[in-house]
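K.L.:
First the structure, then my questions, so here it is.
The values are calculated or read from the model by the stated rules, or taken from the named source; none is laboratory data. Nothing here was measured: the structure is a model prediction, and the numbers come from that model. Ideal geometry is used to build each Cβ from the backbone, glycine not excepted, and the neighbour counts take in all protein chains shown. These accessible areas exclude ligands, DNA and RNA; they are computed on the full protein's heavy atoms, side chains included. Shrake-Rupley method; radii C 1.70, N 1.55, O 1.52, S 1.80 Å.
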Amino acid sequence: MAAREPHFTFALKACLLFSVISILQVASALDSPNLPHANQDDSLEPNDARVIYAGEQSVAPKPYEAVNKRIRLTTGQSYFPFISAKMPHGGWSQALVTRTFAEMGLNVDIHVLPWSRGERWTTEQRFLGTFPYVYSAKRAKKYYFSKPINFIPVRFYVSQASNFTDVQQLKNKRLCLPYGYSADFVKDGVVDSLNLKINRVVDGAACIGHVQRGWSDAGLTNDYVSVNEVNNDRLTDSKLVVLKKDVEQVPLHFIISTSYPEARKWMDKFDRAFQGLIENGAKAEIDDQFIQLLGLN
């Protein structure tokens, strides 16, 4: 991720997908007028959250035990539209996680931190959990994963000069992926079905260059960002085209460290509450709100 909201440039858009699926790198936080801030009192509605930004927290909080009705969570600094200070309730994932804890009768304090720091402090039991994260076999050794709370729609992008217009035209071609990109995601999926050769580069921005120069035939991007591109001239200038068909729907999860006291019980409670949101229609209402904001209806 990078220091600006990712929907401003196509390069940042590609980096965004890669960074969250692999290592969730650092991005900058933006304050939100839609959310109560950390210096407010506890008299919040059950579906609201107190949000505490990294600048207000320079040292690690003490290890935390969830014994009262205000739960301490952490998330990263930007991953549009799932985490974004420019979206209602801090983003789509944050809205769903907050509402799930409200279903449990609990309010939340959400600490917005660099992704790597938040993940590390979660394993150190300084937070009950963190979100949103993609499943990987390596991460599953350290965390319990919730039911999927969101899905990332993934599409190929290609060079305009290539004349590719359909996913099937990429059969036996070259796909650019950054080092560290989750092997669990590409395994047994579209990469195998199209028999794509993988070209590894340092990051998502390098994949942009690879595809522009014809060294790779395609890269991958998050379609929610492309449909929200503020200035589509960026895409034209880059001579890149996003193919229309989604090739994957990658689930995002709330996660709890397996080292946390009664972690499995907490995750079971979260999943039951989340299922309750599905059954009572609350999840559908939240989803519809964001779908309309994203112009997807």
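K.L.:
For residue 256, which of the numbered conditions (1) within 19 Å of the chain's Cα centre (by Cα); (2) open to solvent by 30 Å² or more (accessible area, probe 1.4 Å) fails to hold?
P.N.:
So the condition that residue 256 fails would be (2).
K.L.:
Take the residues in region 236-266 that are outside any loop (DSSP other than H, G, I, E, B) and out of contact with any strand residue (DSSP E or B) (no Cβ under 7 Å at 6 or more places or on another chain); name whichever of them is modelled with the highest pLDDT.
P.N.:
Quick first cut of region 236-266, residues outside any loop (DSSP other than H, G, I, E, B) only: 236-237, 240-242, 248-257, 263-266.
Cutting the leftovers down to out of contact with any strand residue (DSSP E or B) (no Cβ under 7 Å at 6 or more places or on another chain) gives us 236-237, 265.
Numbers: 236: 42, 237: 45, 265: 97.
Here the answer is 265.
K.L.:
Quick one: what pairs do we get from region 112-139, first residue of a type in the set (Phe, Trp, Tyr), second open to solvent by 10 Å² or more (accessible area, probe 1.4 Å) and part of a strand (DSSP E or B), C-beta under 8 Å, 6+ apart or different chains?
P.N.:
So the pair list comes out as 127/72; 127/111; 131/253; 133/145; 133/253; 135/145; 135/251; 135/253.
K.L.:
Considering region 68-79 alone, what residues qualify as being in a loop (DSSP other than H, G, I, E, B), open to solvent by 10 Å² or more (accessible area, probe 1.4 Å) and not polar (S, T, N, Q)?
P.N.:
Once the filter is applied, which keeps residues that are in a loop (DSSP other than H, G, I, E, B), open to solvent by 10 Å² or more (accessible area, probe 1.4 Å) and not polar (S, T, N, Q), region 68-79 yields only 69.
K.L.:
Can you name every residue in region 282-297 that is open to solvent by 20 Å² or more (accessible area, probe 1.4 Å) and not basic (Lys, Arg)?
P.N.:
284, 285, 286, 287, 288, 289, 291, 292, 293, 295, 296, 297
K.L.:
Additional query: What number of residues within region 91-124 are of a type in the set (Val, Ile, Thr) and over 14 Å from residue 270 (Cα atoms)?
P.N.:
Residues flagged as of a type in the set (Val, Ile, Thr) and over 14 Å from residue 270 (Cα atoms) within region 91-124 amount to 4.
K.L.:
Can I ask one more? If we keep just the residues of region 57-77 that are within 19 Å of residue 267 (Cβ to Cβ) and touching a helix residue (DSSP H, G or I) at 6+ places or on another chain (Cβ under 8 Å), which is modelled with the lowest pLDDT?
P.N.:
66
K.L.:
Moving to a separate point now. Name the single residue that is farthest from residue 274 (Cα to Cα) among those in region 142-155 being at pLDDT below 95 and in contact with a Ser or Thr (Cβ under 8 Å, 6 or more places away or on another chain).
P.N.:
Among residues in region 142-155 that are at pLDDT below 95 and in contact with a Ser or Thr (Cβ under 8 Å, 6 or more places away or on another chain), the one farthest from residue 274 (Cα to Cα) is 155.
K.L.:
Right, another one. Would you check which residues across region 152-172 are open to solvent by 30 Å² or more (accessible area, probe 1.4 Å) and touching a helix residue (DSSP H, G or I) at 6+ places or on another chain (Cβ under 6 Å) and list them?
P.N.:
155
K.L.:
Does residue 48 count as acidic (Asp, Glu), modelled with pLDDT under 90, under 30 Å from residue 296 (Cα atoms) and open to solvent by 10 Å² or more (accessible area, probe 1.4 Å)? First the steps, then the outcome.
P.N.:
Numbers: acidic (Asp, Glu): yes; modelled with pLDDT under 90: yes; under 30 Å from residue 296 (Cα atoms): yes; open to solvent by 10 Å² or more (accessible area, probe 1.4 Å): yes.
Judged against the criteria, residue 48 is a match.
K.L.:
Scan region 91-124 for residues that are on the phi < 0 side of the Ramachandran plot, in a loop (DSSP other than H, G, I, E, B) and either buried (at least 24 other Cβ atoms within 10 Å of the Cβ) or aromatic (Phe, Trp, Tyr) (or both) and jot them down.
P.N.:
113
K.L.:
I've got another one for you. Can you report the number of residues in region 125-151 which are assigned to a loop (DSSP other than H, G, I, E, B), open to solvent by 20 Å² or more (accessible area, probe 1.4 Å) and touching a strand residue (DSSP E or B) at 6+ places or on another chain (Cβ under 8 Å)?
P.N.:
The qualifying residues number 6.
K.L.:
Of the conditions (1) open to solvent by 40 Å² or more (accessible area, probe 1.4 Å); (2) within 18 Å of residue 151 (Cβ to Cβ); (3) modelled with pLDDT of 95 or more, residue 274 satisfies every one except a single condition; which number is it?
P.N.:
Looking at each condition in turn, residue 274 falls short on (1).
K.L.:
Further question: Which of (1) crowded, with 16+ Cβ neighbours inside 10 Å; (2) in contact with a helix residue (DSSP H, G or I) (Cβ under 7 Å, 6 or more places away or on another chain); (3) modelled with pLDDT under 90 does residue 175 not meet, given it meets every other one?
P.N.:
Checking residue 175 against (1) crowded, with 16+ Cβ neighbours inside 10 Å; (2) in contact with a helix residue (DSSP H, G or I) (Cβ under 7 Å, 6 or more places away or on another chain); (3) modelled with pLDDT under 90, the one that fails is (3).
K.L.:
Go through (1) open to solvent by less than 60 Å² (accessible area, probe 1.4 Å); (2) more than 27 Å from residue 124 (Cβ to Cβ) for residue 266 and report which single condition fails.
P.N.:
The failed condition is (2).
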